[in-house]
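Below is one structure, written out as structure tokens; comments come after it.
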Amino acid sequence: MSARLAISAISQPVRIVSVMRSYAAFNEEVVKRYEEWLVIQHYRPRTKQFYRRIVRTFAEYLNDKSIASVTHLDVRAYIAHLSEQGATWASAFDNLQVLRRFYDFLHLGGMVSYVAPRLVKMRDAPRKIPRTLSEFEVRQFLAAAYTLREIALVEFLYGSGCRVSEVTSLRVENIDFEARTTRVSGKDPRGRVVLITERAASALRAYIGKRKEGYVFQSDMPIQKLCVAKCNGHFIGQWKDYRGPGTRYVSMSKYLGSARRMSYQDAMTALQDLTKSATLVRPKIEGPLSTNAIRVTLHRIGRRSGLRRATPHMFRHSFATHLLDHGADLMVVQELLGHAFVQTTANYATVSRKRLLGTFDRCHPGGNPSKTGPKPSKEQVVQDEDDSETSRQDRGR
């Protein structure tokens, strides 16, 4: 009998340890199943990476606790843990939203009886007003664009309201210059058709030239500059020779002469003579312009124009706001922007200061109706003055 008790006492901890280990393996398997589900749902690569990172971080936080046994108290403790670690409201809310979708998946598969993260509530988001450029600033920005690519990029961003991911995926064969439409894909993998302005169509046509296919905004490398280095009183020439297949190159270095007998300009001339037969031009890469390159280009144009730093999404905000300023219907702007919900588009209505001021002047008794409507007649002004005088006399009595 004592032997049985001893065996039971020894085996019990072992069984617990094995269960604890199986929870970690179980959690890892569940996360992998969810990643497969994200692939099936055709989420964008960045979205899948974002969801995967949050879910895996949550699984690491649980340690040996089973994902399937999580309660809303565990989720609330995790959000509090993130906030204590310095996470902003937006970051904590993003984590909660991803966990809600993750447990929706588990609930759909029957692994959990209820979606615990949906029982955790956070306060409403602080309202952020989208940053926009005025119409004058947009014209000033366009005037500072020099090259054909810069002009086409700014005109297309402002003339279509596209997201930066949609700009990078824009292809020549998808543009219909006659109808002034183009098909883009980005946030929505199915793609959408957008309208472009006449100015944007002209700028694109000038930049594309005779190209019939490929990405509109292609990645390019700057022109190679020859290098003359001074080392221990001697000039050394350095360059890259692109004679290999594809984008491969060979780094070359050559002694040019003594710094006592020749100047820097003479050394540069000697290096140019040496490299006449070398392949100095970088091979063109058939790929789209990166989002970072677009941001750098806009920053460069912004500095030339003397304006504050502009981002690609600021042109999207300006596109929507200026349409609303000129009387466009909110549902039309929603369609042009490709928003799934009109509430997202409604944020731009609050930014439309021109429409806000016009409504204020037109409706408030102390507003300036001369800016928003016809001026009152002379008889109406006299009648208003008489009414005001009568009112003052009545109050005096």
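The values are calculated or read from the model by the stated rules, or taken from the named source; none is laboratory data. Just so it is clear, the model here is predicted, and its values are computed rather than measured. As a convention, Cβ positions derive from the backbone with ideal geometry for all residues, glycine included, and neighbour counts pool all protein chains shown.
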Meets criteria (assigned to a strand (DSSP E or B), surrounded by 18 or more Cβ atoms within 10 Å (Cβ to Cβ) and of a type in the set (A, V, I, L, M)) for Val138: no
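Every residue, every condition in (1) surrounded by 15 or more Cβ atoms within 10 Å (Cβ to Cβ); (2) within 28 Å of Tyr146 (Cα to Cα), yes or no:
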{"residue": "Lys212", "(1), (2)": "no, yes"}
{"residue": "Ser219", "(1), (2)": "no, yes"}
{"residue": "Ala229", "(1), (2)": "no, no"}
{"residue": "Gln238", "(1), (2)": "no, no"}
{"residue": "Arg243", "(1), (2)": "no, no"}
{"residue": "Ser251", "(1), (2)": "no, no"}
{"residue": "Lys254", "(1), (2)": "no, no"}
{"residue": "Leu271", "(1), (2)": "yes, no"}
{"residue": "Ser277", "(1), (2)": "no, no"}
So which of Arg118, Arg123 is more than 24 Å from the chain's Cα centre (by Cα), of a type outside the set (Val, Ile, Thr) and either part of a loop (DSSP other than H, G, I, E, B) or loosely packed, with under 13 Cβ neighbours inside 10 Å (or both)? Arg123
Which of the following residues is aromatic (Phe, Trp, Tyr), surrounded by 15 or more Cβ atoms within 10 Å (Cβ to Cβ) and closer than 30 Å to Ser318 by Cβ: Phe93, Phe105? Phe93
Positions within region 224-255 being modelled with pLDDT under 85 and of a type in the set (Phe, Trp, Tyr), in sequence order: Trp239, Tyr242, Tyr249
Residues in region 88-96: is at least one in contact with a His (Cβ under 9 Å, 6 or more places away or on another chain) and modelled with pLDDT under 95? no
Do we find a residue being within 19 Å of Glu29 (Cβ to Cβ) and part of a loop (DSSP other than H, G, I, E, B) anywhere in region 77-94? no
Quickly run through region 139-177 and pick out the residues that are under 16 Å from Arg309 (Cβ atoms) and either in the same structural domain as Arg76 (by TED's automatic domain parsing) or of a type in the set (D, E, K, R) (or both). Glu150
